[in-house]
Every structure is written in C-alpha cells, then in structure tokens.
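> First the structure, then my questions, so here it is.
The values are calculated or read from the model by the stated rules, or taken from the named source; none is laboratory data. Quick caveat: nothing in here was measured; it's all calculated off a predicted structure. Neighbour counts are summed over all protein chains in view; Cβ atoms, including those assigned to glycine, are modelled from backbone coordinates with ideal geometry.
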C-alpha cells in the first residue's frame with residue numbers, strides 16, 4: 001500500500017514538473033512570437049513605404065482592412081480600403097513621391113498591435129514646381145488575420161511643421 005501511494009506521489013510530481021516545463025516553454029514561445037510579429041509588422045510598414053515610393057495606391061490599400069480608418073491631417077476620416085486607395089491615388093496623380101519611414105516603437109498585445117513612427121515625405125509636382133518636404137509622426141493600429149498576416153485598421157498622422165499659411 002505504501003509503495004502504491006509513493007508511486008502515485010511520484011507520478012503526480014512528474015506531471016507537475018511536466019506542466020511547469022510546458023508553461024515555461026509557452027512563455028518563451030510567446031516572447032519569440034512577439035519578435036516574429038514585430039518583424040512581420042515592420043515588413044508591412046516597409047512594403048507600404050515601397051508602394052508609396054512606386055506610386056502604387058492599390059499596393060498600399062492591400063495592407064488595410066476593408067473597414068480601415070485613414071485619418072490624414074486636415075481631412076475628414078476616410079473609411080474603407082477603396083477610400084484609402086483613392087486618397088493615395090489622388091496624391092500620385094499630382095506628385096512624384098518619396099517617403100522615408102520607420103517605426104520607433106511596435107507593441108503587440110494578442111491579436112492587436114500598434115506601430116509608432118516617424119516619416120519624411122517629399123512631394124514634387126508633376127506639372128513643375130518645387131519639391132515640398134514634410135515630416136510627421138504617426139500611429140498605425142494593426143490586427144492579426146486568421147492566416148497570421150497583419151493588416152492596418154487605423155492609420156493616423158500629423159505634421160511636425162506648422163501650416164504654411166495659418
């Protein structure tokens with residue numbers, strides 16, 4: 001009887017050790033997963049910047065949710081992927097564009113994440129004229145899709161420079 005009880009305690013101890021080890025591994029994987037998520041989110045930002053530099057509004061919009069909100073300075077909030085594409089297409093119709101953009105911070109919490117960053121934009125009128133440079137700070141809110149991709153649900157930015165003619 002004593003050996004039977006001892007065997008039960010030993011099996012219970014092994015089970016507890018296994019559960020503890022699994023918990024530690026899950027925590028380690030969660031940290032690793034956050035790093036992978038940050039890398040994936042940063043890659044999305046780079047793809048959007050590359051599309052901006054190529055004047056490709058459709059490629060930018062591809063990284064937005066169907067019901068995404070785009071909150072550009074001095075403009076009403078735009079809703080939806082089609083509105084995002086139209087907004088950028090209007091810019092590309094008028095200007096040659098160049099963008100340097102980087103995240104200063106990316107945080108992931110479950111299926112949601114945000115990226116906070118800095119952007120430098122150069123717009124050269126296609127009909128001639130001087131290139132305009134502006135810098136901005138921005139926040140993107142992103143959501144993980146069921147296939148693991150990250151898409152933008154909210155995009156907001158504002159300029160660091162005061163308006164030219166207040």
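> Restricting to the range 63-74, name every residue that is in contact with a helix residue (DSSP H, G or I) (Cβ under 8 Å, 6 or more places away or on another chain) and either surrounded by fewer than 15 Cβ atoms within 10 Å (Cβ to Cβ) or part of a loop (DSSP other than H, G, I, E, B) (or both).
63, 66, 72 - these are the residues of the range 63-74 that are in contact with a helix residue (DSSP H, G or I) (Cβ under 8 Å, 6 or more places away or on another chain) and either surrounded by fewer than 15 Cβ atoms within 10 Å (Cβ to Cβ) or part of a loop (DSSP other than H, G, I, E, B) (or both).
> Just checking, does the range 35-45 include any residue being out of contact with any helix residue (DSSP H, G or I) (no Cβ under 6 Å at 6 or more places or on another chain), at pLDDT 95 or above and in a loop (DSSP other than H, G, I, E, B)?
No, there is no match, as no residue in the range 35-45 is out of contact with any helix residue (DSSP H, G or I) (no Cβ under 6 Å at 6 or more places or on another chain), at pLDDT 95 or above and in a loop (DSSP other than H, G, I, E, B).
> If residue 158 satisfies all but one of (1) touching a strand residue (DSSP E or B) at 6+ places or on another chain (Cβ under 7 Å); (2) under 20 Å from residue 47 (Cα atoms); (3) assigned to a strand (DSSP E or B), what's the number of the condition it fails?
The number of the failed condition is (2).
> Test residue 104 against the stated conditions and say whether it is in contact with a strand residue (DSSP E or B) (Cβ under 9 Å, 6 or more places away or on another chain), surrounded by fewer than 17 Cβ atoms within 10 Å (Cβ to Cβ), part of a strand (DSSP E or B) and in contact (Cβ under 8 Å) with a residue 60 or more places away in the chain.
Judged against the criteria, residue 104 is not a match.
> Separate question: Please determine whether any residue of the range 109-121 is in a loop (DSSP other than H, G, I, E, B), at pLDDT 95 or above, closer than 18 Å to residue 54 by Cα and over 17 Å from the mean Cα position of the chain (by Cα).
The answer is no; no qualifying residue exists.
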